[in-house]
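This report refers to the structure that appears directly beneath it.
The values are calculated or read from the model by the stated rules, or taken from the named source; none is laboratory data. Quick caveat: nothing in here was measured; it's all calculated off a predicted structure. Quick reminder, even Gly has a Cβ in these numbers, built from the backbone with ideal geometry, and neighbours come from all protein chains shown. For the accessible areas, the whole protein counts, side chains as well, though only heavy atoms, and no ligand, DNA or RNA atoms are used. Shrake-Rupley method; radii C 1.70, N 1.55, O 1.52, S 1.80 Å.
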Amino acid sequence: MALTPFSSRLIADVGVSMGDEGKGRLIPEVIAEITEQTGHHDSVGIVMKVNGGANSGHTAGGLKLNLLPAGVVDGSVRWLAIGSGVVADPRKALWELKPLEAKGYKLWERLVFDQRTMVSDLSHRLLDLAWEDYRVNVLKGEARGSTGRGITPAYLDEVGQMQIFYGDIHDAPENIAKRFRERLERAVNVIRHVCQVSPESWSGFFDTLTNAETRANKESIEAGIFPTSEFDFTQFRGEGDYGLNVDRVIEVYMGALQELEKNIADVRELVIANQQAGKYLVGEFGQSYWLDKRAGFSPNVTASHTFTPELFQSAGIPAQPVHTIGCCKAYDTKVGTHIFLTQMDDEAPLTVALKKIEFGVSTGRQRMVGWFDAVEKGDCLRYGGYQDLVMNKLDALTQKDGGTLKVCVAYQDPEGKVVKGVPREDSYRKTLTPIYEELEGWTEDISTVRSFADLPAAAQRYVAFCTKATLDIAGRGGSHPPLNVRYVGVGPDPSQIIKDVPEISELLKLA
C-alpha cells in the first residue's frame, strides 16, 4: 500500500517539474489521511503558504485560490498561515477572503499573516508591467509572459533592503505612509528613466490592471460582494505624462492593511505552539523546484525559493526532519518562454486534447504540453529530495486509438553524448534533445477507477515506468533514494484519486 505513515509532523507539498502540478488538490487529501491515521479531526494545526504570492494558482475542493493556502477548504484546520517568505498584496488577500467568507468558509478567525510577511502593492504591479515593456521595446527581446502580479519587483525590494512588512502597520501612520510614498516615487522614476516606458504605455498600465482584476473578480462583482469600482486602477492614475495619485494609493493600501490588522501575528510562535501540542503543519509551496530562483534557469524562474528548505525560513523555525511530497503530472506542461525539451508536436491529437484542459489558474494562459521528463524529476529527487511522489492527470492520457506514450529517460547532445541529468549550464542544456522510451497507451476511460489494480495494464506500467525512470536518474546507476508513489490522480475532482498504489518494490516489477 502507498499510504505509508508520514515520517514527520512537518509536511512539505512541493512541485517537481515546472509548476502547475496539482499541488493544491493534494492538501485536502493529506489532511484527510492524517485525520484517518491519527483518529483526531484536528490533527492538522496549520496549513501555511510558504513562498510566492498571488502568482501561484491552486485548485482545491473546487476552489480556485491564488494567495490563500488550500487548507481553506477544510474547516478542521485551525490556522491558515501566510509565512514570512511570501509577498502578499493586502487588497488581493481581501478580494479572495471576503468571497470565500460569503460562501461559508470561516477565514477571519483562522487566517494569520506573519509580522514579517512582505507587503506587495501597486508599485510592484506597475514595475512588473514596465519590465515586460522594457524587455520587448527597449531590449527588443521576447515577452516572458509575466503574471503582472508584481512578485519579482516585490522580492527585489526584499533583497534591496526596502521591505515593508505586515507588522509595520502597528507603526505610527505617518511613518508607514512615508515608506509607501518613497517606494511609489522610486518606482515611477525607475519606470520612466530606466525602463523607458512611454507616457502612453504608462497610462495603459492602469487600464491593463483594471481589466485583469475586473475579469478575475467577475463572480464577486456579480454576487454584490464588491462594486466594480473596487477594481478600478485608473483611480490611481495622476496628472501629467507619468502621473500617480500617491495619496490615493497610500490611502487604499493602508486601509487594506488595517482591515487585516487583527490577523497579523508571530507565525514562529504559532508554529512552535502547535508542534508542542503534537499537531501537524503542512507547508504549501507555489511554483516548483525548476522554477526556484537558484535551482532553475534565469530568466525563466520565479523570484522566491520554491523547495523544502524554504519551509523553515518562512515559518521561522530551526531546520528539522520534514516529510516532502513531490507533485507532478503524468505528462509535462510549461508556460512562458521556457526551453521545453520534451514539448509535443502541436498538431498531434493528444496535444490538441491536452491543450483543451491546460490553462493557468492565475492568468488563464495557455500552457505548452510535453512528454513526461524523468530527467528533471530524477534530478529534483537527487538534489532536492522527496519521500513521496504524486502523479496527477493520468486520465488525460487516454486516447481513442490507445496509441503510444513517450517518457524522456535521458538527453543527447549534438556530439551524441548521452546526458543523464539536467546540466547546470543553460547554454549547453539548450543544445540537448530528449531520448525517449515508448510505451503502449490505453483506450479506457479511467476517471472512475479508484483502485490501482483496476487500471488498464498499460496505465499501470506507465506509472511504474515513469517512477523507475525517475529513480534511475536520481541514482545515476547506483543506489537510488527511497521513494513511494502515494497517490495517482485520475481527474480534477477530490474523489478522483487512487490511494492504493503498490509499494515501490512491487510497483517497479511492473516497469
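Here is how the numbers come out for the structure above:
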{"quantity": "By average C-beta atoms within 10 angstrom, highest first, the peptides 473-479, 24-30", "calculated": "24-30, 473-479"}
{"quantity": "Helix 457-475 vs. the chain, principal-axis angle (Cα, 0 to 90°, nearest 10)", "calculated": "70"}
{"quantity": "Cα pair distances of the stretch 261-309 binned at 10 Å [whole percent]", "calculated": "24, 30, 29, 16, 1"}
{"quantity": "Percent breakdown of C-alpha pair distances by 10 Å bin, ordered from the shortest bin, for the stretch 313-430", "calculated": "11, 36, 34, 17, 3, 0"}
{"quantity": "At 0.692 mPa s and 37 °C, Stokes D of the chain from Kirkwood alpha-carbon radius, µm² per second", "calculated": "138"}
{"quantity": "Neighbourhood net charge (10 Å Cβ-Cβ; Lys/Arg +1, Asp/Glu -1) for Glu284", "calculated": "+1"}
{"quantity": "Only Lys, Arg (+1) and Asp, Glu (-1) charged, at Cβ; the stretch 1-103 dipole about Cα centre in debye", "calculated": "340"}
{"quantity": "Dipole axis of the chain (+1 Lys, Arg; -1 Asp, Glu on Cβ), positive-most option in Leu94, Ile357, Met162", "calculated": "Met162"}
{"quantity": "Distance from the stretch 43-122 to the stretch 452-511 (C-alpha centre basis), Å", "calculated": "32"}
{"quantity": "Debye, to nearest 20: dipole size of the chain, +1 on Lys, Arg Cβ, -1 on Asp, Glu Cβ", "calculated": "560"}
{"quantity": "Accessible-area order (highest first, 1.4 angstrom probe) of the listed residues Arg215, Arg237, Arg9", "calculated": "Arg215, Arg9, Arg237"}
{"quantity": "Kirkwood hydrodynamic radius of the stretch 27-171, from inverse mean 1/r over distinct Cα pairs, in Å", "calculated": "16.6"}
{"quantity": "Whole-Å distance, taken between Cα centres, linking the stretch 177-226 and the stretch 355-419", "calculated": "36"}
{"quantity": "Debye log10 I(q)/I(0) at q = 0.13, 0.25, 0.29 Å⁻¹ for the stretch 18-73, Cα point scatterers", "calculated": "-0.33, -1.00, -1.20"}
{"quantity": "Rg(Cα)/(2.2 N^0.38 Å) for the stretch 99-235, N = residue count", "calculated": "1.19"}
{"quantity": "Between helix 122-133 and the chain: long-axis angle, C-alpha atoms, 0 to 90°, nearest 10", "calculated": "60"}
{"quantity": "Unit Cα scatterers, Debye sum, the stretch 362-412: log10 I(q)/I(0) for q = 0.12, 0.28, 0.32, 0.33 Å⁻¹", "calculated": "-0.41, -1.16, -1.22, -1.24"}
{"quantity": "Additional length obtainable on full extension of the chain from His170 to Asp401, 0.36 nm per residue less Cα span", "calculated": "76.8 nm"}
{"quantity": "Peptides 197-207, 369-379 ordered by average Cβ neighbours within 10 Å, highest first", "calculated": "369-379, 197-207"}
{"quantity": "Probe 1.4 Å, all protein chains present, accessible-area order of His124, His305, His480, largest first", "calculated": "His480, His305, His124"}
{"quantity": "Computed over the stretch 261-384, the ratio Rg/Rh where both radii use C-alpha atoms and Rh is Kirkwood", "calculated": "1.06"}
{"quantity": "Selection from Val501, Ala511, Asn263, by position along the positive dipole direction of the chain (Cβ)", "calculated": "Ala511"}
{"quantity": "Fraction of accessible area attributable to carbon and sulfur, the stretch 169-309 (%, probe 1.4 Å)", "calculated": "47"}
{"quantity": "Space enclosed by the convex hull of the alpha-carbon atoms of the stretch 93-134, per residue, Å³", "calculated": "87"}
{"quantity": "Net +/- balance of residues flanking Val72 in space, Cβ distance below 15 Å, scoring K and R +1, D and E -1", "calculated": "+3"}
{"quantity": "For the stretch 5-104, radius of gyration divided by Kirkwood radius, i.e. Rg to Rh on alpha-carbons", "calculated": "0.95"}
{"quantity": "Sum of side-chain charges, Val119 neighbourhood, beta-carbon under 10 Å (Lys, Arg +1; Asp, Glu -1)", "calculated": "-2"}
{"quantity": "Rh (Kirkwood; distinct C-alpha pairs) - the stretch 392-511, Å", "calculated": "15.8"}
{"quantity": "The stretch 188-245 - charge dipole about Cα centre, Lys and Arg +1 at Cβ, Asp and Glu -1, debye rounded to 20", "calculated": "160"}
{"quantity": "Theoretical FRET efficiency, 1/(1+(r/R0)^6), r = Cβ-Cβ of Arg248 and Lys293, R0 35 Å, to 0.05", "calculated": "0.60"}
{"quantity": "Given charges at Cβ of Lys, Arg, Asp, Glu: the chain dipole, positive-most of Tyr289, Val194, Val30", "calculated": "Tyr289"}
